[in-house]
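Enquirer: A single structure is presented below for examination.
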Amino acid sequence: MYYLYILQSKKDGRTYTGYTKNLDYRLQNHNAGKVVTTRDKTPLELIYSEKHLTQKEAEEREIYWKSGAGRRNLKKIFIGFPPRFRKRGEARSK
């Protein structure tokens, strides 16, 4: 099982997206300053996560959340709207 996660810095409000097999351990490493890319942004808060069966699925979702569409949906999460989980070209249910 892999977890896609999005963290938000309580220091500057910026977000960080990644994936891992052990979400709790990874969050501890981020907040302990052991991850170079987020070392100066601590403390960090988990604001969103998804479970995936494979690493490839988690990587694909990480790419999505880092894209323009993913960032727009992340802004919607911040203001209280649920994100869209439909993939491009997938039909909407009526």
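Bear in mind that the values in this text are calculations on the coordinates, not laboratory data. Treat the numbers as computed from the prediction; the structure is a model and nothing was measured. Heads up, the Cβs are rebuilt from the backbone with ideal geometry, glycines too, and the neighbour counts pull from every protein chain shown.
Enquirer: Neighbour counts of other C-beta atoms within 10 Å: give me H52, H30 arranged from fewest to most.
Expert: Starting with the residue having the fewest Cβ neighbours, the order is H52, H30.
Enquirer: Helix 68-78 against the longest principal axis of the chain: what's the angle in degrees, Cα atoms only, rounded to the nearest 10?
Expert: 70
Enquirer: How long is region 1-43 along each principal axis, judged by its Cα atoms, biggest number first, in Å?
Expert: Cα spread of region 1-43 along its principal axes, largest to smallest: 31, 17, 14 Å.
Enquirer: What nm distance separates the two modelled labels at D24 and K11, each placed 7 Å from Cα along Cα→Cβ?
Expert: Output for this residue pair reads 2.6 nm.
Enquirer: What residues have an amide H closer than 5 Å to that of Y48, excluding those fewer than 5 places away on the same chain, when H is modeled at 1.01 Å from N in the peptide plane?
Expert: Amide H neighbours of Y48: I6.
Enquirer: Which ordering of L7, L46, L27 is given by a fewest-first count of other beta-carbon atoms within 10 Å?
Expert: So the residues, fewest neighbours to most, are L46, L27, L7.
Enquirer: Over the alpha-carbon set of region 2-78, work out the extent along each principal axis and list the three values in angstrom, largest first.
Expert: 28, 26, 17
Enquirer: Between 0 and 90 degrees, rounded to the nearest ten: what's the tilt of helix 55-66 against the longest Cα principal axis of the chain?
Expert: Its long axis makes an angle of about 90 degrees.
Enquirer: Loop-only check: which trypsin sites (Lys or Arg not before Pro) in region 1-59 are DSSP coil with at most 10 other Cβ within 10 angstrom?
Expert: Those that pass, being in a loop and sparsely packed, number zero.
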